[in-house]
1. Taking amide H positions as placed in the peptide plane 1.01 Å from N, state which residues far from L363 in sequence (5 or more) or on other chains have amide H under 5 Å from it.
2. Segment 464-478 to segment 371-407: how many Å between their Cα centroids?
3. Dipole magnitude of the chain about its Cα centre, charges +1 at Lys/Arg Cβ and -1 at Asp/Glu Cβ only, in debye to the nearest 20?
4. Calculate, in nm to one decimal, what D439 and D26 gain on full extension: separation in residues at 0.36 nm each, minus their alpha carbon distance.
5. Over the heavy atoms of T125, what accessible area does a 1.4 Å probe trace out, to the nearest 10 Å²?
6. Where the centroid of each part is defined by its Cα atoms, how far is segment 101-132 from segment 262-333 in Å?
7. Rounded to the nearest percent, how much of the accessible area of the chain (1.4 Å probe, protein heavy atoms only) is carbon and sulfur?
8. For the charge dipole of segment 92-192, defined by +1 on Lys and Arg C-beta atoms and -1 on Asp and Glu C-beta atoms about the Cα centroid, which residue among T125, P163, G138 has the Cα displaced farthest towards the positive pole?
Amino acid sequence: MPPAHPFDDDKLREECGIFGVIGVKDAASFLALGLHALQHRGQEAGGIVTYDAEQGFSSVRRFGYVRDNFTSADVMEALPGSLGIGHVRYSTAGSKGQTAIRDVQPFFGEFSMGGAAIAHNGNITNANALRRELIERGSIFQSSSDSECIIHLMARSLQRNIPERMEDALRRVEGAFSVVAMTRTKLIGVRDPMGVRPLVLGKIGDGWCLSSETCALDIIGAEFIREIEPGEMVVITAKDGVQSNFPFRPQPPKFCIFEHVYFSRPDSILGGRSVYETREAIGRELAKESPVDADLVCPVPDSGTPAAIGYSLESGIPYAMGIIRNQYMGRTFIEPTEQIRNMGVRLKLNVNRALIEGKRVILVDDSVVRGTTSRKIKEMILDAGAKEVHFRIASPPTAWPCFYGVDTPEREKLLAATMNEDEMAEYLAVDSLKFISLDGLYRAVGESQGRNKKCPQYCDACFSGEYPVIPADKIEQGFKMQPAAE
Ligand code: SF4
């Protein structure tokens, strides 16, 4: 398993990517490529399940990167068939840290009408209560993952076929779910009624695919057809194509606004718009809201880059690659020693001293989580001789944890949960620190009137503390939501 990088804990982490394909020869190769394109959504482990009429269901689940596990001929030959689904994960609900292989998806269940496999992106907020109930009624869980509840709920359903059993199961589930599932003949895709996590539909030749993001369609040469709607279930067969229905009670959509800021790849399309363009628009908004006299705009690579370009274009201040990322560092460093770990950010980022020396620098980053990385980057920039350092952040202060499929530290560890903007600037010892406003972020994602306070158009709970689904399990564990009037 790739070790966690010494400073990766200073970013929020998306926890899963899902991909499914039907009606293509050698589905496993397409799945491996699709999952490779979604690797940014989870690097800890991955799995593929396929179905072939002669060999039945086949499954391979492994720790580590897709490229290291799903490229060898023996593994790919063990996954025959024209239908399959796959999953990449970083641990979310379920075991944290050392994951057991039994927690790696897709999960598989054998029902009286045949087998089914599922892969889930999101987080079930009432999983503890469901699990207790299911165990009391005799279910035997194999993993510690919240997603396994779906399989057990399906097993208990009295419906006649697997899509109907899935509908039944998912009606009991609260929280965020985008799911791809498969039977012997069907590929199924479902999004929760608020559509918190993404899911898109693509077409490849005579076949179809479902993916967390459009970038995974591009890699296999599939055409992007449309997003799966919030609350929609699609059942796809090679013969009849796509059949859609909306089995859940409709709710106002609450897509995760952080997908626009950070999680999704900049070459993906979200809400009909390229993520790159949205991030550039965020940078422009930030420049309008928080201008400052300076000589250079530099991104904190890579995720701050489009917003830094937007800031530069709007402000007229030149853009420069003041910080260079070591592309080959990543998580591949095998068990770094303490001495190397202490080098921290320098392992991954290096300051372009010739550009920075004597300059007033605006650093644009996507977010501040614990603030530890921001402090180190600021020190590196000052060590390189910068005259001033101004931080501009492409998201509002992250003051609340996410319970919908994104790994966040506990609230007390979020810098913005305990300090206001001025206190954070003092703590980071920068000349100025400004975050984009929540309204500014909404404008940048295409909501020209900003955030609708009565019914926000997106989930923004990690910024606002307004949770669109009550996190029942967390409340049971002592988490306190803020009173609605605050
Ligand atoms: S809480 Fe934040 S990260 Fe989580 S779904 Fe909502 S906007 Fe996204």
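The values are calculated or read from the model by the stated rules, or taken from the named source; none is laboratory data. Quick caveat: nothing in here was measured; it's all calculated off a predicted structure. Reconstructed Cβ throughout: ideal geometry from the backbone, glycine too, with neighbour counts over all protein chains shown. What goes into the accessible areas is simple: the full protein's heavy atoms, side chains included, and nothing from ligands, DNA or RNA. Shrake-Rupley method; radii C 1.70, N 1.55, O 1.52, S 1.80 Å.
1. Here C298, H390, F391, R392 satisfy the definition.
2. Spelled out, the Cα-based centre of one part sits 26 Å from the other.
3. With Lys and Arg at +1 and Asp and Glu at -1, about 380 debye.
4. Stretched fully, the D439-D26 segment lengthens by 144.0 nm.
5. 10
6. Going from one Cα centre to the other spans 37 Å.
7. C and S atoms contribute 50 percent here.
8. The residue sitting most towards the positive pole is P163.
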